[in-house]
1. Looking only at region 23-33, filter to residues that are outside any loop (DSSP other than H, G, I, E, B) and free of Cβ contacts under 8 Å to residues at least 12 places away in the same chain; which one of those is surrounded by the fewest Cβ atoms within 10 Å (Cβ to Cβ)?
2. Output the number of the condition that residue 168 fails; it satisfies all remaining conditions of (1) over 16 Å from the mean Cα position of the chain (by Cα); (2) within 23 Å of residue 94 (Cα to Cα).
3. Yes or no: residue 248 touching a strand residue (DSSP E or B) at 6+ places or on another chain (Cβ under 8 Å), closer than 18 Å to residue 144 by Cα and either surrounded by 20 or more Cβ atoms within 10 Å (Cβ to Cβ) or assigned by TED's automatic domain parsing to the domain that holds residue 27 (or both)?
4. When residue 221 is evaluated against the numbered criteria (1) out of contact with any helix residue (DSSP H, G or I) (no Cβ under 9 Å at 6 or more places or on another chain); (2) surrounded by fewer than 14 Cβ atoms within 10 Å (Cβ to Cβ); (3) in a loop (DSSP other than H, G, I, E, B), which criterion, by number, is the only one it fails?
5. What are the pairs with Cβ atoms under 7 angstrom where one residue, in region 83-99, is at positive phi and the other, located anywhere, is surrounded by fewer than 18 Cβ atoms within 10 Å (Cβ to Cβ)? Sequence gap at least six, or different chains.
6. Would you mind stating whether residue 110 is touching a residue at least 12 places away in the same chain (Cβ under 8 Å), in the same structural domain as residue 270 (by TED's automatic domain parsing) and not in a strand (DSSP E or B)?
7. Determine whether region 103-112 contains at least one residue that is more than 17 Å from residue 219 (Cβ to Cβ) and out of contact with any strand residue (DSSP E or B) (no Cβ under 9 Å at 6 or more places or on another chain).
């Protein structure tokens, strides 16, 4: 059984922090070293290891890409919920989507990206909003891409399976009835939503896995633990992936590092960003 070890040294924690940064670009402050004990506990049990110093010793003795990736995934924060922070979704419904739909009348296509999608609630929230409020999109080509570093989270998003507690966080009752089936304590996203969404594993700090531009990108509460250089590099990539008349949503406490690339729009108590193009 796993137990905390007094043999774990400052050098061990430094090794783990550097490894997480190399894998995910997340900067972990030494004051949060205690999180390694709890978040890596299951991984160590699966590897038949009893303490952090044993885990570090194994990784020092030989490179194991899958183990290193698993450590970084375990240290990634996967906090999410349906319609998390309702203000951006209200703004989409009342202003942004009606305008965007009008501009896409001829193409009849819309592309969304939920970056760092965790277990998929944000992507499915977008799908529900489109189905619920914009029936005129029937027959349009709509794609909602969700990506996350953690393969376990991506698998859950692909399954579209959520526990009752997750369903009760932010999801209106009418949406539960219309868009989910349930068995016992588990609820399953219906096919009409799942067909709009695609989920895959992707590292935001490496080459982005898309070639077509997006009309809207959600990069919310992702960059909180990134360095300024990492944020700058990521947002440059996002800028390239966004349509010239597209929209970027960040978390309420985030803003672009290079403001020269973006126009900030404040509406209804929430910000979104429009790409600037060089003249």
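The values are calculated or read from the model by the stated rules, or taken from the named source; none is laboratory data. This is a predicted model, so every value here is computed, not measured. Every residue, glycine as well, gets a Cβ built from its backbone with ideal geometry; the counts of neighbours run over all protein chains shown.
1. 31
2. So the condition that residue 168 fails would be (2).
3. yes
4. If we test residue 221 against (1) out of contact with any helix residue (DSSP H, G or I) (no Cβ under 9 Å at 6 or more places or on another chain); (2) surrounded by fewer than 14 Cβ atoms within 10 Å (Cβ to Cβ); (3) in a loop (DSSP other than H, G, I, E, B), just (2) comes out false.
5. 83/170; 85/252
6. Criteria not met by residue 110.
7. Yes - at least one qualifying residue is present in region 103-112.
One line per residue, one yes/no per condition, for (1) modelled with pLDDT under 90; (2) farther than 30 Å from residue 245 by Cα; (3) in a loop (DSSP other than H, G, I, E, B):
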site: 1; (1), (2), (3): yes, yes, yes
site: 16; (1), (2), (3): no, yes, no
site: 35; (1), (2), (3): yes, yes, no
site: 60; (1), (2), (3): no, yes, no
site: 70; (1), (2), (3): yes, yes, no
site: 77; (1), (2), (3): yes, yes, yes
site: 114; (1), (2), (3): no, no, no
